[in-house]
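Participant: Encoded as structure tokens, here's the structure I'll be asking about.
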Amino acid sequence: MSTIVKTQQELDAALADGKADIIIDSPRGVWLTVSGSATVRASGSATVRAWGSATVEASGSATVRASGSATVEASKWVAVHLFSARATVSGGVVIDVSALDLDDLATWIAYHGATVTDGALTAYKAVGDDWQTDRKGWVYAPGATVVAEDWDGKPECGGGLHLCLTPRKSRGYYSMATRYVECLIDVTEAVVVDRDKVKARSVRVIREVTIDGEPVTA
């Protein structure tokens, strides 16, 4: 019997239970990550990241990001973003970005289609009711300017304020979030952390938004 999962938590639980036939049917735009030697099927409009030696069979209008030595078997309309020359892809519509230097900020911005206006990059932070994350001390209330005293400028986690390009992606790094804020980062201070995150020395908090990026009105 197939086990259908829609969230990362459900997927992790199914893998931990050793389920033999796992189908990912996540909502569009909600990324699930498959790593190690796991094997899953992605259907509908599911969006999946495959790492390590994971194997993904994808159909429908699913989207897959293949990294490491992952194996992807895709039907005709599946979009497969190829991030590694070691990954194996069969079928689908392959978008080969394995040669892109996504550690370069300008390339990262262009790849994601990020919004930059007058030298300021728009990014988002997931926070709680107190406008903070689990890293207490920084309050991302609308109108505030938040400064990282531990800023190190290194392209890695830590040593700065971390943000994503959509509120939904930011929730993936703080699952207890109840609020989302739109922020501006000076691009001269921004450093790419990974494919989903950027960090900066300081951010200007513009307003509260929904998980879909729409302004929250009183």
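The values are calculated or read from the model by the stated rules, or taken from the named source; none is laboratory data. The model shown is predicted, which means the values in this text are computed figures rather than measured ones. Glycine gets a Cβ as well: all are built from the backbone with ideal geometry, and neighbour counts include every protein chain shown. When the accessible area is computed, the model is the full protein with side chains, heavy atoms only, and any ligands, DNA or RNA have been set aside. Shrake-Rupley method; radii C 1.70, N 1.55, O 1.52, S 1.80 Å.
Participant: Would you tally the residues in segment 159-195 being closer than 12 Å to residue 211 by Cβ, at pLDDT 95 or above and out of contact with any Ser or Thr (no Cβ under 8 Å at 6 or more places or on another chain)?
Facilitator: 3
Participant: A further question on this structure: Can you tell me which residues in segment 203-218 are open to solvent by 20 Å² or more (accessible area, probe 1.4 Å) and outside any loop (DSSP other than H, G, I, E, B)?
Facilitator: Listed by number, the residues that qualify are 204, 206, 207, 208, 215.
Participant: Go through segment 10-53 and tell me which strands (runs of 3 or more DSSP E), entirely inside it, have 1 or more residues that are under 18 Å from residue 83 (Cα atoms).
Facilitator: Fully inside segment 10-53 and qualifying: 31-34, 47-50.
Participant: Filter segment 126-145 for residues that are open to solvent by 60 Å² or more (accessible area, probe 1.4 Å), without any contact (Cβ under 8 Å) to a residue 12 or more places away in the chain and under 21 Å from the mean Cα position of the chain (by Cα) and give the result.
Facilitator: Of everything in segment 126-145, just one residue is open to solvent by 60 Å² or more (accessible area, probe 1.4 Å), without any contact (Cβ under 8 Å) to a residue 12 or more places away in the chain and under 21 Å from the mean Cα position of the chain (by Cα), namely 135.
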